[in-house]
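Reviewing the structure listed below.
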Amino acid sequence: IASNIPLDFKVQKLTEAVKLEIVGRSFATTKNTAQEDMLVARVDYRVRNIGKEPLKTVQFKFVWFSLNGELVDQTTEYAVGFGDLPLAPQQTKSGFTHCGVGYSYRRVPVKVDIYLEDGEKHWPLYKGMQVQ
């Protein structure tokens, strides 16, 4: 057994392996708890593995605010989750999320902050992106 051989491990940072591209901002119709239609802000995205290793999990947090800065909602999206195949290098995956708060018969503009999350760590990717 060779005990004096130096080992060099290079751990790739998640922020260097994930690229998030916003491909659409719009409003969608969904149902509230009373089964009535409401309009909610929606963000469509594409995530790309720009690293050299497959990604087993990729998690984003979307924090929704009113235009005056009041917190409206928070959602967590697993672009690559535990039941998915790992995202191979240079592979992309598309998804969407929407604000959990909506309004009947009207579009209410909101802002959204988007973070890349890894356990307790989070890195801002977009700040104050408006959906109107």
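The values are calculated or read from the model by the stated rules, or taken from the named source; none is laboratory data. Keep in mind that what you see is a predicted model, and the values were worked out from it rather than measured. In this analysis, Cβ positions are derived from the backbone assuming ideal geometry, glycine residues included, and neighbour counts consider all displayed protein chains. Heavy atoms of the whole protein, side chains included, go into the accessibility calculation; ligands, DNA and RNA do not. Shrake-Rupley method; radii C 1.70, N 1.55, O 1.52, S 1.80 Å.
The alpha carbon radius of gyration of the chain, expressed as a multiple of 2.2 N^0.38 Å, is 1.31. For the pair K93 and N68, a Förster radius of 35 Å applied to the C-beta separation gives a FRET efficiency near 0.55, rounded to the nearest 0.05. Within the chain, what's the longest stretch lacking GluC sites (Glu not before Pro) that sit in DSSP loops with no more than 13 other Cβ atoms inside 10 Å? Maximal segment without exposed cleavage sites: 71-119. Under the combined filter of DSSP loop state and at most 11 neighbouring Cβ atoms within 10 Å, the range 42-83 retains these trypsin sites (Lys or Arg not before Pro): K52.
Cross-link partners of K121 among lysines, defined as those whose alpha carbon lies under 29 angstrom from its own and excluding same-chain residues fewer than eight positions apart: K10, K13, K19, K52, K56, K61, K93, K111. Ordering F62, F96, F27, F82 by accessible surface, largest first, gives F82, F96, F27, F62; the 1.4 Å probe counts only protein heavy atoms, with every chain in place.
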